[in-house]
Amino acid sequence: MQLNDTQNDQGDQYYFKIITAGEGGVGKTTLLYRYVDGVFLKDTKMTIGVEFFLKEINIDNNIYKLQLWDLGGEQQFRVLLKHYITGASGALLMFDLTREITLLKIDEWIDLIREANRELPILLLGTKLDLTEKICVDDTHALQHKEKFRLLDYLKISSKTGQNVNESFELITRKIIERIEEIQ
């Protein structure tokens with residue numbers, strides 16, 4: 001688990017490495033731009049390898065710095081990704097609510113993500129909630145995957161509207177904090 005201490009007025013400050021993973025086109029980069037910059041990017045380019053974002057979050061009057069790693073979802077990048085996952089504190093595993101195949105492939109992502117840390121907290125996110133007419137994955141199917149792979153929780157999000165975006169990062173950060181407190 002990635003954890004670095006520095007001092008601030010409120011006590012300790014922590015850095016958490018959180019990865020976003022999932023098939024290409026599920027909205028990983030779009031989610032990160034919405035969360036970090038508060039903007040919706042209609043057109044993003046394919047992430048080649050990995051991109052990095054930084055964001056501070058205040059949880060219970062403590063500041064946590066999130067190092068957000070946007071992993072490329074295309075098959076040709078998978079061999080590189082296991083090196084980027086090392087040291088992660090948590091993961092957001094994403095699938096597109098309008099493309100069921102992206103949910104069916106999460107087992108591949110879980111194997112990759114949990115290779116170094118079998119207990120890594122993973123939050124399952126169904127993306128593109130705003131495309132209501134095109135949604136083809138029902139909650140029951142997604143929840144079956146959540147249970148099967150012992151994932152932290154399941155949320156549906158929209159990077160376009162911002163629905164559940166902040167909640168996703170708060171939930172994964174709180175889980176990371178709980179794990180650290182259990183260890184200490």
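Within segment 31-49, identify whether any single residue is in contact with a strand residue (DSSP E or B) (Cβ under 7 Å, 6 or more places away or on another chain) and modelled with pLDDT under 90, and answer yes or no.
Yes, segment 31-49 contains a residue that is in contact with a strand residue (DSSP E or B) (Cβ under 7 Å, 6 or more places away or on another chain) and modelled with pLDDT under 90.
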- Message: Just to check your reading of the model, which residue among ILE176, ILE157, ILE183 is within 21 Å of SER89 (Cα to Cα), under 18 Å from the mean Cα position of the chain (by Cα) and of a type in the set (Val, Ile, Thr)?
- Response: ILE176
- What residue, of LYS156, LYS134, LYS146, LYS175, is among the charged types (D, E, K, R), free of Cβ contacts under 8 Å to residues at least 40 places away in the same chain and surrounded by 14 or more Cβ atoms within 10 Å (Cβ to Cβ)? LYS146
- Item | Failed item in (1) buried (at least 19 other Cβ atoms within 10 Å of the Cβ); (2) closer than 17 Å to ILE176 by Cβ; (3) among the aromatic types (Phe, Trp, Tyr), with PHE53 passing the rest | (1)
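Go through segment 135-184 and count every residue that is of a type in the set (Ser, Thr, Tyr) and either touching a Lys or Arg at 6+ places or on another chain (Cβ under 6 Å) or in a strand (DSSP E or B) (or both). Outline the logic, then answer.
So the first thing to find is which residues in segment 135-184 are of a type in the set (Ser, Thr, Tyr), and the list is 140, 154, 158-159, 161, 168, 173.
Of the ones still in play, those that are also either touching a Lys or Arg at 6+ places or on another chain (Cβ under 6 Å) or in a strand (DSSP E or B) (or both) are 154, 159.
Here the count works out to 2.
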- Query: So, in segment 57-94, of the ones that are in a loop (DSSP other than H, G, I, E, B) and within 16 Å of THR29 (Cβ to Cβ), which residue ends up modelled with the highest pLDDT?
  - Reply: GLY72
- Kindly provide the set of residues from segment 105-134 that are basic (Lys, Arg), closer than 14 Å to GLY27 by Cβ and assigned to a loop (DSSP other than H, G, I, E, B), ordered by number. LYS128
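The values are calculated or read from the model by the stated rules, or taken from the named source; none is laboratory data. Small disclaimer: the values here were computed from a predicted structure and weren't measured. Ideal geometry is used to build each Cβ from the backbone, glycine not excepted, and the neighbour counts take in all protein chains shown.
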